[in-house]
Amino acid sequence: VSGAAHELPGRVSDIAVAASPGMRVRKASHLHTDAHVWAMRDATDWIRDVPYMELGGLGHGADPVSSAFGARVLSAQGAKGHAGYFEPGTDSLTNFAEIGVGSYESVRCAHDNDGCRAGLSATTAAGRA
């Protein structure tokens, strides 16, 4: 993702990842993109046990759902394990759909607050579509 993010067409307004072992950067801002960066991980996903580091070009970098990374962290409630993010009825699938249509006000944040939507509005979404 890190190599491609800065080359995305201007019409791309969002990058959303689930079950990511890292994006080969230490912070979302290092992706050098104007797109919103969203991340989610279910508590039962084994990927959380993968070491989040990069050394000498090996590894994947920082944990995308960590507060230090700086992505907008979404709920993945209902997803089971590493392969359950696109199952009907999961927050993860609903969140991907809402982001895809620019309905930021409808996404569910990971921490039962509005933190992942901070600074976004329907107007922002419509202007970027």
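When all protein chains stay in place and ligands, DNA and RNA are ignored, the 1.4 Å accessible-area order of S67, S92, largest first, is S67, S92. Only Cα pairs under 8 Å and 6+ residues apart enter the sum, and on that basis the relative contact order of the chain stands at 22 percent.
Think of it as helices only: each DSSP H run of n ≥ 4 in the chain is worth -39500 (n - 2.57), and spread over all residues that comes to -4000 deg cm²/dmol at 222 nm.
Rolling a 1.4 Å probe across all protein chains gives R108 an accessible area of roughly 90 Å². Of all DSSP-defined beta bridges confined to the range 14-117, some 30% are antiparallel rather than parallel. In this simple spin-label model, placing a label point 7 Å from the Cα along the Cα-to-Cβ direction at both K80 and E105 gives a separation of 3.5 nm. Using only the C-alpha atoms, the convex hull of the chain corresponds to 101 Å³ per residue. Proximity of backbone amide H atoms, modeled 1.01 Å from N, is registered between R108 and S75 at under 5 Å, excluding neighbours fewer than 5 places apart on the same chain.
In this view, the solvent-accessible surface of W46, computed with a 1.4 Å probe and all protein chains in place, comes to about 140 Å².
Our coupling estimate for the range 16-30, obtained by passing each phi through the Karplus curve with A = 6.51, B = -1.76, C = 1.60 and θ = phi - 60°, is 10, 10, 10, 6, 7, x, x, 10, 6, 9, 7, 9, 4, 4, 6 Hz, Gly and Pro reported as x. Largest to smallest in accessible area, the residues M53, M23 fall in the order M53, M23 (1.4 Å probe, all protein chains included). Here the simple spin-label model places points 7 Å from the Cα toward Cβ, and for M53 and E87 these points are separated by 3.3 nm.
With a cut-off of 18 Å, note down the residues of the range 36-79 whose backbone N falls inside the zone around a label point 7 Å from the Cα of D112 toward its beta carbon. In the range 36-79, the label zone of D112 (backbone N under 18 Å from the point 7 Å along Cα→Cβ) covers 41-44, 73-79.
The values are calculated or read from the model by the stated rules, or taken from the named source; none is laboratory data. Note that this is a predicted model, so its numbers are computed, not measured. Note that we place each Cβ from the backbone using ideal geometry, even for glycine, and neighbour counts take in every protein chain shown. Ligands, DNA and RNA are excluded from the accessible area calculation, which covers all protein heavy atoms including side chains. Shrake-Rupley method; radii C 1.70, N 1.55, O 1.52, S 1.80 Å.
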